[in-house]
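The values are calculated or read from the model by the stated rules, or taken from the named source; none is laboratory data. In this text the structure is predicted, and so the values were computed from the model without any measurement. Cβ coordinates were reconstructed from backbone atoms using ideal geometry, including for glycine residues, and neighbour counts include every protein chain displayed. The accessibility values were calculated without ligands, DNA or RNA, using every heavy atom of the protein model including side chains. Shrake-Rupley method; radii C 1.70, N 1.55, O 1.52, S 1.80 Å.
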Amino acid sequence: PLPQEPRRRMILVVRSDANPLALAEGVRAAVARLDPNLAITSVRTMAEVRSAALGRERFLSVLLGSLAAVGLTLGLVGVYGVVAQVARRRQREIGIRLALGADRLGVQWLVVRHGLRLTALGVAIGGAGALFGTRLTRSLLYQVAPTDPVTFVVVPALIVLTAIGASWLPALRAGRTDPTEVLRAD
């Protein structure tokens, strides 16, 4: 009752199967018959009320998701850069191996395997760090488990695929080069 807890503003909730905005004039008339001094300042549907109540959380979720996508992209670019640089630095070694009669495919696979070893180490350390970090971010998550299996499978898979491409492309380039040109460069 209003005398027990006086407020400057009151809320009237009306439930109907019909269009809620079509009932607005009827509700205004009913309230005016009960007390002509009461003013109805706004009429909103429950969808509008829910949307307004969740607006901040929705914005923060979009912001966090966008920052996560940027972080993932930067991580993938970083993995590509590091693995490609490691493979590029092995170009002299590849030239020597090819000059001594090594199989081109075997030499390329050697470079890819080295890149994947580095990536596996990074994914293992990153996965352990992510599992530890879920304790810190548990309160920020909504309807997502802290150890979301999709995230813990898709992100490492993207990183491994990026590392395969990052090591395979320079290995292909290095495998196509003439061993005499690589040895002459030094």
Out of R90, R58, R33, a Gaussian network model of the chain with alpha-carbon springs under 10 Å gives the largest mean-square fluctuation to R33
Given 123-130, 152-159, the highest-first ranking by average Cβ count within 10 Å works out to 152-159, 123-130
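What fraction, in whole percent, of alpha-carbon pairs in region 37-186 exceed 20 Å separation?
63
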Relative to the chain, whose Cα atoms define the longest principal axis, helix 149-176 and its Cα axis are tilted in degrees, nearest 10, by 30
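Roll a 1.4 angstrom probe over the protein heavy atoms and tell me the percent of accessible area of the chain that is carbon or sulfur.
Numbers: 8990 of 14080 Å².
Whole-percent figure for carbon plus sulfur exposure: 64.
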Comparing E57, E93, E25 in a Gaussian network model of the chain (Cα, 10 Å), the one with the largest mean-square fluctuation is E25
With Cα springs under 10 Å, the Gaussian network model of the chain assigns the largest mean-square fluctuation among R135, R173, R44 to R44
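At 1.4 Å probe radius, can you tell me the per residue accessible area of the chain in Å²?
Numbers: 14080 Å² over 186 residues.
Computed with neighbouring chains in place, this is 76 Å² per residue.
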Rh (Kirkwood, all Cα-Cα pairs) for region 1-109, Å, reads 21.3
Going residue by residue through region 30-35, the Karplus relation 6.51 cos²θ - 1.76 cosθ + 1.60 with θ = phi - 60° gives ³J(HN,Hα) values, rounded to whole Hz and with x marking Gly or Pro, of 5, 5, 5, 5, 6, 8
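Would you mind classifying region 98-186 by shape? Square roots of the alpha carbon gyration tensor eigenvalues, ordered a ≥ b ≥ c; an a/c under 1.5 is rounded, otherwise it is prolate if a/b is larger than b/c and oblate if not.
Values: a/c = 4.29, a/b = 3.78, b/c = 1.13.
Here region 98-186 falls in the prolate category.
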Under 20 Å by backbone N from the virtual spin label 7 Å along Cα-to-Cβ at D178, the residues of region 98-117 are 98-105
Rounded to 0.05, the calculated FRET efficiency for the beta carbons of A53 and I96 at R₀ = 41 Å is 0.05
To the nearest 10 degrees, the tilt of helix 55-89 (Cα long axis) against the first principal axis of the alpha carbons of the chain is 0
To the nearest 10 degrees, the tilt of helix 104-137 (Cα long axis) against the first principal axis of the alpha carbons of the chain is 30
